[in-house]
Structures are given as structure tokens and as C-alpha cells.
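K.L.:
Mind having a look at this structure? Questions to follow.
The values are calculated or read from the model by the stated rules, or taken from the named source; none is laboratory data. Keep in mind that this is a model prediction, so the values were computed, not measured. With ligands, DNA and RNA removed, areas are computed over all heavy atoms of the protein, side chains included. Shrake-Rupley method; radii C 1.70, N 1.55, O 1.52, S 1.80 Å.
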Amino acid sequence: MKRNSESSLKTANKRLSRSAVVGTIIATIIASTPLLYSLHESVPTTEVWDTFLFTYKSGAWKEAQYAMWVYTSKLIPLILLVIWFFTCRHWWYHAILVPIVMFAFQGVNSWNAEAGNIDEGTFVVLLPILVLVVPSIYLIRAKMFNKINTADKTLEELEEEFMIKPKGVWGKVKQYF
């Protein structure tokens with residue numbers, strides 16, 4: 001009996017240890033974002049940036065420092081949003097996908113040095129995601145409040161009901177009504 005207890009204690013400690021390590025990494029990334037954002041200030045204001053690892057030509061950006069500022073202004077919010085998406089426990093966390101896609105699209109466009117207006121066309125890319133995410137979140141919310149107002153079930157039964165089970169597309173739409 002004692003051996004069984006020790007085994008479960010070791011398993012719990014491993015889970016806690018892994019959780020602490022992941023939490024520490026996430027907290028370090030979040031806390032270091034101001035430093036990461038200001039790294040562009042160490043880049044020279046010349047058009048070509050030579051390091052011992054690589055050579056960067058700024059192209060349409062004219063200055064390597066300005067180009068790095070553009071990249072960090074897209075990358076840092078993207079990193080923070082991805083962390084938020086994977087750590088969020090709210091029912092609406094899929095709404096975070098919209099700004100994630102927006103910043104990812106802008107980051108890819110900014111990498112292309114010949115893109116004149118990097119934010120052009122973002123809405124066209126976001127529209128399909130908005131069409132899926134926004135109505136889904138609204139319908140889930142409406143169904144939740146409807147169930148809460150007429151709740152005669154346990155919380156576990158309500159959570160089971162809100163689970164989206166794999167069905168056809170029309171079956172998923174009908175599940176919300």
C-alpha cells in the first residue's frame with residue numbers, strides 16, 4: 001500500500017514539475033517581450049546589415065533597423081496571442097484566432113520587401129475566418145445562456161452538451177439551435 005502511495009506521489013510531482021517548467025518558460029517569454037521588442041534598436045540604420053551569421057539587405061525598407069522594427073511589431077503580438085490562445089480556458093478562446101491570423105498575414109507580407117502597403121488585403125484573408133468564428137461564438141454563447149436560464153441539469157451535463165461532436169457540416173450547424 002505504501003509503495004502505491006509513493007508511486008502516485010512521484011507521478012503528481014512529475015506533473016507539477018512539468019507544469020512549473022512550462023509555466024516558467026511562458027512567463028519568461030512574456031516578461032522578456034519588452035526586451036525582444038527593443039532589439040531592433042541594436043540593428044544599424046544602414047541598408048545592408050552584416051553579421052557573422054548572415055547578411056540582411058533591407059530592400060524596400062531602406063534601413064535594416066526600420067525593417068527589424070516592422071518585423072518585431074508583427075512578431076511580438078503574434079507570440080503573445082499564440083500564448084494566450086493555448087493557455088486560455090474560456091469558451092470564447094477561438095475568437096483569438098482572428099488577430100492571430102491577422103498578425104501572421106501581416107508578418108508574411110512584411111517579410112516580402114517589395115510589398116508596398118503591408119496591411120493591404122488583410123480583410124480579404126480574415127473574412128473567411130470571421131465568417132466561421134464570429135457566428136460560432138455567438139451561437140455557443142446564446143445556447144449557454146439559454147441553458148443557464150432553464151438549467152435543470154448538472155454542470156457536467158451542460159458541459160457534455162456543449163461539446164462539439166464530429167458530425168457533418170449541417171449537423172454541426174443544427175447542434176447550435
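K.L.:
Residue separation times 0.36 nm, minus the C-alpha to C-alpha distance between PHE54 and SER19: what's the value?
P.N.:
Numbers: separation 35, 0.36 × 35 = 12.60 nm, distance 3.65 nm.
Extra length available between PHE54 and SER19 comes to 9.0 nm.
K.L.:
Next question. In whole Hz and in residue order, list the ³J(HN,Hα) couplings for the range 67-83 that follow from phi through the Karplus curve 6.51 cos²θ - 1.76 cosθ + 1.60, θ = phi - 60°; x for Gly and Pro.
P.N.:
After applying 6.51 cos²θ - 1.76 cosθ + 1.60, I find 4, 5, 5, 4, 5, 5, 6, 9, 6, 4, x, 4, 4, 5, 5, 5, 4 Hz.
K.L.:
Once phi is turned into ³J(HN,Hα) by the Karplus curve 6.51 cos²θ - 1.76 cosθ + 1.60 with θ = phi - 60°, what whole-Hz value does each residue of the range 100-105 show in order, with x for glycine and proline?
P.N.:
So the J values, rounded to whole Hz, are 4, 5, 4, 5, 5, 4.
K.L.:
Grab the Cα-Cα distance for TRP91 and GLU41, subtract it from 0.36 nm times how many residues apart they are, and report the gain in nm with one decimal. Don't skip to the end; give the middle numbers.
P.N.:
Numbers: separation 50, 0.36 × 50 = 18.00 nm, distance 3.93 nm.
The TRP91-GLU41 span can extend by a further 14.1 nm.
K.L.:
Then there's this: With the other protein chains left in place, how much accessible area per residue, in square angstrom, belongs to the range 37-89 at a 1.4 angstrom probe?
P.N.:
Per-residue value: 65 Å².
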